[in-house]
Amino acid sequence: MPLNGDVKTFPLSAIVQMIHDEGKTGTLAVVTPRRRCSIYFKGGKIIFVRGNTDAELRLGALLKANNLISEDRLEDMLAVSKAMEKRLGTVLLERNHVSADQLSSILNLQFKEVVTSTLSWDDAKFTYTDGLDGYVEDIKVEVDPVRLVAEARKRGEFKGLIPNDQVIFQINPKVDTTKSVHAARDLRVLLLLDGRRSVAHIIKETGYSRLAVYRSLAKLHAQNAIIRKGADKQPAKAATLELTPITTLYWSLLQLVMADLAAELGEKKALDSLVSSLRQSAYYERFLKAFRMDQDLAANINQMQALIKQQGKPLSQQDVINGFNQAIVGLLGEEYRFLGFKGTSSTVQRLRANLDKVPANQRPLAQAISKFLQHYQNEDYLRGAKKVATAEVPAAGGTGEHKAQPLKLDGSSGSAVINFYNDMFQLVISDLQNVVGAKAHGLFQGLIRGSKNSDALLKQFDMKDSANTIPLRVKEQVKTGEPELSTQDLVQTFQLVLRGLLIEESRLLGPKAADSTMSRMVEKVAASHQQFRPLLEQLSASLKSKPA
């Protein structure tokens, strides 16, 4: 049964994923006003791609770049292919000019690049039909579509630096590259940068995948070994602070975390997580407000410097380090909540491995950051149960508990306090449960277990019970004198748990969902708990402030 649509309504990545998941055999045709690509699937795997192909990704160009065929022989075989109306790959195999394994490897690379590029088209329409439309499987190639979807997402992390393949890079004239040590792939790319070759030319001449070239260019740029043509002028320096070396280092680290998040959650969710992490920093208004991952490094530095200058407040190097550390900790916290400890710990390991490879002039800062990040290979730090305490690279802005200030409750009884918080807990969990299901109860119970009064009091709360059962059971325990808790003890204990629950809602469902829940809580207080309005106001204020 044919399936038609527009990529603005149905993303191509979702269509490709569906075809793979359902193990379909058929053809997906993707068309724009200027381009066309047909992708052939068998059992959910990509077996052939036909359509507009960039010159550097054509089979002959890739074979030549990988030294599998000479220029003269390629021209001869292209003529034979045209005369016999056979595909170039088939002609090469029949004449034993390449082996089946060599051809399969190059076609695999070509298919990956073409499909990954097609997934980025934002003005296309598509049609899927069952069947292979007369395609003959004379060459065996199988490509996993799921990996291609992930690679297409990873390309997004380089969009700010490499918006298109016509960008030209050159060796930074202010850096002595003869003293630099680069990996073989990075070095080959570096040696081709002459201020004239575009990214497209680099891809063609190396025979590397587009993603591999992007990664090498980004790495060399982060090391200050290369610059974009026309950008050899360094950003204007602030009067008392040089942002470039610090921001360059953190730029590469944030790109790595974002890539890991985007691979699992999608680019939009990863960007949302970064924005949320930046906003949580105590330095957001000072300079991080101007920092964005969808613009290049030079633009970020210029805009941050402009914001600092506009505010007219002194900002030290340590302030900048603290601000970026807070952003990374916030982003790792987001990754931990979505991907768990194993995935986040792996990201931290990669961050620290990258920090071991920085140029000598960045090594002192890199070592301090690596030491700081080492703590986040411990799950307690990722949960926020512990904080890093270091004078060199402080970890302000962690996810630890907020210390509530005492409030006078004008003689409210312990029973009234229990009833109030029971209603608030029920309301927040109800909103969470509508989206995350049973996970809402798990979040609540986890917060309870982390409370200092868990064993004595809060274990009596099980939100699966009826709304009336819990207060009665808690009141009975309080009456027995075990534990001996004052009304103020109850308030501080419950307030921390409720705050943690709202923070979890904001992280899982977004700030708008948490704001909506808070509005409903205000309505509930106005209707039946008016005396506790100051508690809700304090809670709202603590959520808007930075964690202690």
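Derivation of every value follows stated rules applied to the coordinates shown; laboratory data play no part. Just so it is clear, the model here is predicted, and its values are computed rather than measured. Quick reminder, even Gly has a Cβ in these numbers, built from the backbone with ideal geometry, and neighbours come from all protein chains shown.
Couple of notes before you dig in:
- Using 0.36 nm per residue and subtracting the Cα-Cα separation, the extra length available between residue 67 and residue 191 on full extension is 42.8 nm.
- Phi angles of the range 93-99 translate, via the Karplus equation with coefficients 6.51, -1.76, 1.60 and θ = phi - 60°, into HN-Hα couplings of 5, 4, 9, 6, 7, 9, 7 Hz per residue; Gly and Pro are given as x.
- Between residue 42 and residue 125, the simple spin-label model (points 7 angstrom out along Cα→Cβ) gives 3.1 nm.
- Taken along the Cα-to-beta-carbon direction at a fixed 7 Å, the label points for residue 302 and residue 133 span 4.4 nm.
- The H on the amide N of residue 226, modeled in the peptide plane, is under 5 Å from the matching H of 172, 221, each at least 5 residues off or on a different chain.
- 16 Å reach of a label modelled at residue 279, 7 Å along Cα-to-Cβ, counting backbone N of the range 495-528: 502-519
- Net lengthening on full extension, residue 80/residue 520 (0.36 nm per residue, minus Cα-Cα): 151.0 nm
- Two-site label geometry, residue 6 and residue 269: point separation in nm, points 7 Å out along Cα→Cβ: 2.6 nm
- J(HN,Hα) series, the range 519-530, from Karplus relation 6.51 cos²θ - 1.76 cosθ + 1.60, nearest Hz, glycine and proline x: 5, 5, 5, 4, 4, 5, 5, 4, 7, 9, 9, 4
- Long pairs among 269/512; 45/82; 112/342; 159/512; 8/269, criterion Cα-Cα beyond 21 Å: 45/82; 112/342; 159/512
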